[in-house]
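Report on the following structure.
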Amino acid sequence: MTYWNPVSRHGPERLARLLADAGAVGAMVVDLSDDQAERWQAAAKAANLSTPRLVPRHLTDTGLATVAADASGWLYASASTAPTGYRGSPDVPALADFTRRLRAVSPLLVVSGVVISTPALAERVAPLVNAVVIGTPIVRALMTAPERAPATTAAFAQALNPYATTETRA
């Protein structure tokens with residue numbers, strides 16, 4: 001995951017090639033606007049990278065279909081509309097509804113993150129989506145108590161283990 005500013009600064013074509021050369025299979029630009037999407041998607045396609053998209057919940061079904069049609073790899077459905085790092089609870093029923101709407105317009109995998117700050121929250125979200133992104137809790141552990149980062153990571157992995165699968169939908 002990245003933002004448009006570093007992509008633009010490095011050049012989409014150059015950055016896509018650097019990512020591919022490093023072994024990446026995809027890169028999601030979370031603040032990608034429609035006018036930037038075409039250039040990024042062309043650069044990523046040329047480098048054989050997937051272009052997942054962050055999908056805002058407020059979109060109409062037509063809007064969801066438009067964003068999904070431009071994506072590859074997966075669709076990112078935030079578990080909350082709160083900013084990254086927020087420690088509140090996700091609105092699980094709203095995420096379930098949003099996930100159903102996304103699956104109605106696209107065969108792509110649905111991935112979720114944001115506000116999934118504990119293994120218990122990850123376990124609640126996991127049955128709704130194909131994958132769960134855990135970022136802030138791991139980064140926070142690395143920055144405040146690096147010796148605890150492996151245990152923190154293991155706790156999330158253990159909570160998500162019952163939902164692990166080798167099957168893919170797209």
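The values are calculated or read from the model by the stated rules, or taken from the named source; none is laboratory data. Values in this document were obtained by computation on a predicted structure and should not be read as measured data. Using ideal geometry, Cβ is built from the backbone for each residue, glycine included, and neighbour counts are taken over all protein chains shown. Accessible surface is based on the protein model in full, side chains and every heavy atom, while ligands, DNA and RNA are left aside. Shrake-Rupley method; radii C 1.70, N 1.55, O 1.52, S 1.80 Å.
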If the requirement is being of a type outside the set (Phe, Trp, Tyr) and closer than 24 Å to Val29 by Cβ, which of these qualifies: Thr118, Thr99? Thr99
Got at least one residue in region 89-96 being outside any loop (DSSP other than H, G, I, E, B), open to solvent by 60 Å² or more (accessible area, probe 1.4 Å) and more than 18 Å from Ala155 (Cβ to Cβ)? yes
From the residues in region 97-120 that are assigned to a helix (DSSP H, G or I) and without any contact (Cβ under 8 Å) to a residue 40 or more places away in the chain, which one is farthest from Ser78 (Cα to Cα)? Ala120
Just the residues that are in contact with a helix residue (DSSP H, G or I) (Cβ under 8 Å, 6 or more places away or on another chain) and either among the β-branched types (Val, Ile, Thr) or loosely packed, with under 15 Cβ neighbours inside 10 Å (or both), please, taken from region 71-88. Thr84, Gly85
Complete set of residues in region 121-143 that are over 16 Å from Ser78 (Cβ atoms), open to solvent by 40 Å² or more (accessible area, probe 1.4 Å) and under 17 Å from the mean Cα position of the chain (by Cα): Glu123, Pro127, Val139
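For region 55-82, which positions are assigned to a loop (DSSP other than H, G, I, E, B) and in contact (Cβ under 8 Å) with a residue 40 or more places away in the chain? Talk me through it step by step, then tell me what you get.
Residues of region 55-82 that are assigned to a loop (DSSP other than H, G, I, E, B), as a first pass: 55-60, 71-73, 77-82.
Residues satisfying the conditions are Val55, Arg57, Ser72, Gly73, Ala77, Ala79.
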Can you find even one residue in region 36-45 that is more than 23 Å from Ala141 (Cα to Cα), acidic (Asp, Glu) and part of a loop (DSSP other than H, G, I, E, B)? no
